[in-house]
Amino acid sequence: MRVDGLPEGEQNATQGLTWTEAHENARDLVGLVLGIDDDPAAYAVELLLAEASGRTTPTH
C-alpha cells in the first residue's frame, strides 16, 4: 500500500497480510519517516481501498 502525506523522497509504501497488520505497518512507517513516537494522539492513519480514494489499481 502507498502512504500519502509523507515528505517528498521518503519511502511511502508498506504492506501487511491483514488489514490490521497493514495499519500497524503504516503507522510504523509514518513514525519512522517523521521521527515521532507511535502515539495515537499525535497522528492518524486511515486505510482506504483504491476505489474509495479515487485511485485505480494497476491490472496485470
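Points worth noting:
- Number of residues in segment 9-39 that are modelled with pLDDT under 80 and surrounded by 12 or more Cβ atoms within 10 Å (Cβ to Cβ) equals 1.
- Taken over segment 40-58, residues that are at pLDDT below 75 and open to solvent by less than 70 Å² (accessible area, probe 1.4 Å) amount to 3.
- Unmet requirement for residue 6, which otherwise passes all of (1) hydrophobic (A, V, I, L, M, F, W, C); (2) under 12 Å from the mean Cα position of the chain (by Cα); (3) open to solvent by 80 Å² or more (accessible area, probe 1.4 Å); (4) at pLDDT 85 or above: (3)
The values are calculated or read from the model by the stated rules, or taken from the named source; none is laboratory data. If you're wondering where the values come from, they're calculated on a predicted model, not measured in any experiment. In this analysis, Cβ positions are derived from the backbone assuming ideal geometry, glycine residues included, and neighbour counts consider all displayed protein chains. The area values use the complete protein model at the heavy-atom level, side chains included, leaving out ligands, DNA and RNA. Shrake-Rupley method; radii C 1.70, N 1.55, O 1.52, S 1.80 Å.
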